[in-house]
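Working notes for the structure below.
Since every read-out is calculated from the coordinates, none of them should be taken as a lab result. Because the structure is predicted, anything quoted here is derived from the model rather than measured. Every residue, glycine among them, receives a Cβ derived from its backbone with ideal geometry; neighbour counts consider all protein chains shown.
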Amino acid sequence: MTKRREKAEVLYDMLSALWADRRGLKPTHLIYKSNISHVRLKKHIDELLENGMVKEGTGEGGHTVYKITEKGIDFLKEFERMRKFMDSFGL
Amino acid sequence: MHIIFSPIWFMGIDSIFEILSAIIAIFVGFYAFKIYRSTRKKDFFYLFIAFAMLFFAFIVRSFTDLAAYSLFLESIPIITKIVQVQYVYYTGIYTYQLLTLLGYLTLAILALKIRGRRVISLLVMFVIISSVMSLVSYSAFHMIAAVMLSYVVLHFYENCSRKFCKNSLLVFVSFLLIFLSQVIFIFIFHTWFYVLGQVLQFLGYFLLLANLILVYRS
């Protein structure tokens, strides 16, 4: 149970970091900004790519960058709504 | 025991309030369930259960009221009328009281963060016994509901002072109104108390809807 709760929040943190910098983030920056391990990043980014919430691109130096998609933005908005509801009940 | 508290002009309006409150309760419940599915936070599953029970409670209550009123207003002999109204009333009201108390108990368990299964089962047993006893004394049901809601209101007050925002304020005020409605129902001396209690209770649920709308529009 705790595992899934954490997962939703990790995905939210990752997408928030990508939303804050919409030009795209390198994997190392994403690790740093969403405060997760490399192993977790790999696991979750694959899921986000699969679900179409994140897309892979190439940065100025030819390195891999991740960018948030419209679907990812929708997830972020929905999660923020849920947070508001959760906070209003204080549970 | 006194059965019908509503003034004649308010008969039916109270049922509309109850149906609308039921709809609001199920909307809130479904949103809580949606959060549970996304986050797996058990508290939101219990919140869904609480509001689902309140939904069924209001539905049962509104139909019980409508059935009792239609019998009351029918032109049949007074003795037949009393017997029929009592039969309809007791069947529906027991279900209503049990579901309402279970719904508020679930909210109180969440507010007080009670986790022990034995404690919870003990409380559920008390609620079942209380709802049977409430059939004898009308005000007993509202007293128990008011006591449970007082803990819920305290939790939402603390939450509101901790994380003050429109949403937490709306939830606190809505439960405060629902609590006050139960207190008013305890002291029903006049039909106006019943009207006031119903209006406050509906306003409480309406504010829960306002919170949901505010969440959706953000």
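Taking amide H as placed 1.01 Å from N in the peptide plane, residue A:65 has its amide H under 5 Å from the amide H of A:57, A:58, A:59, each at least 5 places away in sequence or on another chain. Per-residue mean of foreign Cβ neighbours for A:70-79 is 1 (Cβ atoms of other chains, 10 Å radius). Considering only B:142, B:190, B:155, the mean-square fluctuation computed in a Gaussian network model of chain B, springs between alpha carbons under 10 angstrom, is largest for B:190. In vacuo Debye scattering of segment B:130-218, one point per C-alpha: log10 I(q)/I(0) at q = 0.18, 0.23 Å⁻¹? Normalising to I(0) and taking log10 leaves -0.80, -1.06.
Other residues whose C-beta falls under 14 angstrom from the C-beta of residue A:64 contribute a net charge of +2, scoring Lys and Arg +1 and Asp and Glu -1. The mean number of Cβ atoms from other chains found within 10 Å of a Cβ in peptide B:165-174 is 3, as a whole number. Largest mean-square fluctuation among A:22, A:81, A:40, in a Gaussian network model of chain A whose springs join Cα atoms under 10 Å apart, belongs to A:81. Dividing the summed -39500 (n - 2.57) terms of all DSSP H runs of n ≥ 4 by the residue count of chain A sets its mean residue ellipticity at 222 nm at -21500 deg cm²/dmol.
Each Cα pair of segment B:148-198 feeds into the Kirkwood radius, which the Stokes-Einstein equation turns, at 4 °C and 1.567 mPa s, into a diffusion coefficient of 112 µm²/s.
Along chain B, counting only chymotrypsin sites (Phe, Trp or Tyr not before Pro) with a DSSP assignment other than H, G, I, E or B and at most 16 other Cβ atoms inside a 10 Å radius, the longest segment between sites is B:1-163. Between the beta carbons of residue B:128 and residue A:38, assuming R0 = 41 Å, the FRET efficiency works out to 0.15 to the nearest 0.05. Membrane-span-like helices in chain B, defined here as complete DSSP H runs extending at least 15 Å along the helix axis by their C-alpha atoms with mean Kyte-Doolittle hydropathy no lower than 1.0, are B:13-39, B:42-73, B:78-112, B:117-133, B:166-186, B:191-217; this is a sequence and geometry rule, not a statement about a membrane. Pairs from the table (A:7/A:77; A:84/B:42; A:33/B:41) lying more than 20 angstrom apart at Cα are A:33/B:41. The Cβ shell under 15 Å around residue A:55 holds other residues with a net charge of -2, Lys and Arg each +1, Asp and Glu each -1.
Helical content of chain B, expressed as a calculated mean residue ellipticity at 222 nm, amounts to -30000 deg cm²/dmol (DSSP H runs of 4 or more residues, -39,500 (n - 2.57) each, divided by residue number, nearest 500).
Within the set of other residues whose C-beta is less than 14 Å from the C-beta of residue A:17, count the net charge using Lys and Arg as +1 and Asp and Glu as -1.
Taking every Cβ under 14 Å from that of residue A:17, the sum is +3.
Legend: mean number of C-beta atoms from other chains within 10 angstrom of residue C-beta atoms, peptide B:36-43, equals 6.
Calculate, for residue B:157 and residue B:63, the FRET efficiency according to 1/(1 + (r/R0)^6) with r their C-beta to C-beta distance and R0 25 Å; round to the nearest 0.05.
FRET efficiency, residue B:157 to residue B:63: 0.15.
The calculated pair-distance distribution of segment A:2-86 uses every alpha carbon pair, bins of 10 angstrom beginning at 0, and gives 18, 55, 24, 3, 0 percent.
Working from label points 7 Å from Cα in the Cα-to-Cβ sense, the residue B:112 to residue A:16 distance is 3.4 nm. Rounded, prolate or oblate: which fits chain B when a ≥ b ≥ c are the square roots of the eigenvalues of the alpha-carbon gyration tensor, with rounded for a/c under 1.5 and prolate only if a/b beats b/c? Judged from the Cα gyration tensor, chain B comes out prolate (a/c at least 1.5, a/b above b/c).
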